[in-house]
Amino acid sequence: MSAVSEKVEVLIIGSGPAGYTAAIYTARAGLKPVLYQGIQPGGQLTITTEVENYPGYPEGVQGPEMMVDFEKQATRMGADIRYGIATKVDFSKQPYQVQIDEENWIETNAIIICTGASAKWLGIPSEERLNGMGVSACAVCDGFFFKGKEVAIVGAGDTAAEEAIYLSKLCTTVHMIVRRDAMRASKVMQERVLATPNIKIYWNSETDEILGENKTEGVRIKNNITGEKTTIAISGFFVAIGHQPNSDIFKGWLDMDEAGYIKTMAGTSKTNIAGVFAAGDVQDKIYRQAVTAAGSGCMAALDAERYLSGLEN
């Protein structure tokens, strides 16, 4: 164990809907939570434009603005919100220790992990430049904005197949870009994609460039076998090549699945270590919505409160 610079009652690692909701609930319970915002304060919603599917915002809201609202509410309830990144943990015994910014060690009996997951991107400059201007990593979040338009989606797994089918119900044509001559998706999902008439698949193809200046206007794809390049006019471009949970510092301590998502006990936020809870996208690879993240943040706060009450009795 390392030298401790501070002791807190509840430590929340990560912000976003899960972290801020956990902070609101634990603060209202008088647990004086300390929340470190992590490398991306506010989480993935800070790189999202308009959010229309979160309850309570009838006119919609910009993602960054929504996260400012969450933070303000958590602060008003008494949560201590801080800049900083958790860089190491020691869960060997109570109280647990978490290192912040490779310097200070915090000691606590209850930890709520809300470090989220990061979308995997193609890594081309136009993708980054047009992010939020027609380029998205979440069809369920942003597909509605392209109703009646043509879009493209890149990916070949179950997520890509599900999102292509979702988009096909909103858009006139979904151009699906698949790198190989086969999909990785489950057989049933492949069959559904192939049976959807307005999904057009481009096999053995990769994205060469996303076209447009201030908005997405097209995509140029390259056939991996022939080298031929094709330009397709589109209004939206969706990347569905997976997400990476931000869980590396917890490896070796917490049970995870093969992709690195933290495992929680069914119907709870509890991990395999008592007093350590996980909420939001770091433990949810299925729904990945702001509202479900917020709900799981509430669960984690209530689980932590009950756990600490048990410690005190």
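Please go through segment 169-213 and write out the GluC sites (Glu not before Pro) that DSSP classes as loop and that have at most 13 other C-beta atoms within 10 Å.
Glu213
Report the Rg/Rh value for the chain, based on alpha-carbon coordinates and the Kirkwood definition of Rh.
Ratio of gyration radius to Kirkwood radius for the chain: 1.03.
What Cys residues in the chain are without a partner cysteine, judged by a Cβ distance under 4.7 Å?
Flagged as lacking a Cys partner: Cys114, Cys171, Cys298.
Place a label point 7 angstrom from the Cα of Lys149 along the Cα-to-Cβ direction, then list the residues of segment 176-215 whose backbone nitrogen is under 17 Å away.
The answer is 176, 210-215, whose backbone nitrogens lie closer than 17 Å to the label point.
With angles folded into 0 to 90 degrees, how steeply does helix 16-28 sit against the dominant principal axis of the chain? Use alpha carbons for both and round to 10.
So the inclination is approximately 20 degrees.
Taking the Cβ of Ile225 as the centre, find all other residues whose Cβ is under 12 Å away and add up their charges (Lys, Arg: +1; Asp, Glu: -1).
Taking every other residue near Ile225 into account, the sum is 0.
If eta is 1.002 mPa s and T is 20 °C, what Stokes-Einstein diffusion coefficient results for segment 125-239, Kirkwood Rh from Cα pairs, in µm²/s? Write out the running numbers ahead of the final one.
Details: Rh = 13.8 Å.
The diffusion coefficient I find is 155 µm²/s.
Please give the helix 63-76 orientation as an angle from the longest Cα principal axis of the chain, in degrees from 0 to 90, rounded to the nearest 10.
Helix 63-76 sits at roughly 10 degrees to that axis.
Relative to the longest principal Cα axis of the chain, at what angle does helix 158-168 sit, 0 to 90 degrees, rounded to 10?
60 degrees
Relative to the present Cα-Cα distance, how much length would full extension add between Ser5 and Glu102 at 0.36 nm per residue of separation?
Contour length minus the Cα-Cα distance gives 33.7 nm.
Which ordering of Leu11, Leu170, Leu194, Leu31 is given by a fewest-first count of other beta-carbon atoms within 10 Å? Write out the running numbers ahead of the final one.
Details: Leu11 27, Leu170 17, Leu194 12, Leu31 20.
In order of increasing Cβ crowding within 10 Å: Leu194, Leu170, Leu31, Leu11.
How would Glu52, Glu59 line up from fewest to most surrounding beta-carbon atoms within 10 angstrom?
On the way: Glu52 13, Glu59 6.
Ordered by Cβ neighbours within 10 Å, fewest first: Glu59, Glu52.
Starting from 0.36 nm per residue, how many nanometres of slack lie between Glu209 and Asp158 once their C-alpha separation is accounted for?
16.0 nm
Taking every DSSP beta bridge that has both residues in the chain, what percent is antiparallel when rounded to the nearest 5? Mind dumping the intermediate values first?
Working: 27 of 58 bridges.
Antiparallel bridges: around 45 percent, rounded to the nearest 5.
Sorted by mean Cβ packing within 10 Å, highest first, what order do the peptides 242-252, 219-229, 147-157 take?
Highest mean packing first, the order is 147-157, 242-252, 219-229.
Read-outs throughout are calculated quantities, based only on the coordinates presented, and are distinct from any laboratory measurement. Everything numeric here is computed off the predicted structure, so don't read it as measured data. FYI the Cβ positions are ideal-geometry reconstructions off the backbone, even for glycines, and counts take in every protein chain you see.
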